[in-house]
1. Could you list, in sequence order, the residues of segment 11-22 that are exposed (fewer than 12 other Cβ atoms within 10 Å of the Cβ) and either touching a residue at least 24 places away in the same chain (Cβ under 8 Å) or at positive phi (or both)?
2. For segment 1-19, how many residues are within 12 Å of the chain's Cα centre (by Cα) and part of a helix (DSSP H, G or I)?
3. Only strands (runs of 3 or more DSSP E) wholly contained in segment 23-94 count here; list those with 2 or more residues that are surrounded by 14 or more Cβ atoms within 10 Å (Cβ to Cβ), in contact with a helix residue (DSSP H, G or I) (Cβ under 9 Å, 6 or more places away or on another chain) and touching a residue at least 60 places away in the same chain (Cβ under 8 Å).
4. Let me spell it out: the conditions are (1) in contact with a strand residue (DSSP E or B) (Cβ under 9 Å, 6 or more places away or on another chain); (2) at pLDDT 90 or above, and residue 52 meets all of them except one. Which number is the exception?
């Protein structure tokens with residue numbers, strides 16, 4: 001298993017329920033690929049450096065994950081299809 005960090009940006013106007021449902025979707029996605037979420041942080045709403053999809057604020061979620069080497073690409077492609085997520089970054093840790 002390899003360690004990864006995933007940072008997700010949702011629309012700044014996302015309700016608490018939408019944030020919780022996105023957290024649950026990501027947890028199910030990771031556990032469905034035989035990985036695990038070791039840590040999850042809600043960084044809250046922050047000002048974006050530039051507008052993304054005509055939005056100037058975003059809700060940030062940060063996850064620390066343990067994944068099998070081949071599943072990171074699969075998770076990356078599934079996150080790309082999520083409509084609630086306006087940006088994400090999945091990085092392998094040393």
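The values are calculated or read from the model by the stated rules, or taken from the named source; none is laboratory data. The structure displayed is predicted, hence computed values, not measured ones. Note: ideal-geometry Cβ built from the backbone for every residue, glycine included; neighbour counts use all protein chains shown.
1. 13
2. The qualifying residues number 1.
3. In segment 23-94, the matching strands (runs of 3 or more DSSP E) lie at 55-67, 85-92.
4. Of (1) in contact with a strand residue (DSSP E or B) (Cβ under 9 Å, 6 or more places away or on another chain); (2) at pLDDT 90 or above, only one is false for residue 52: (2).
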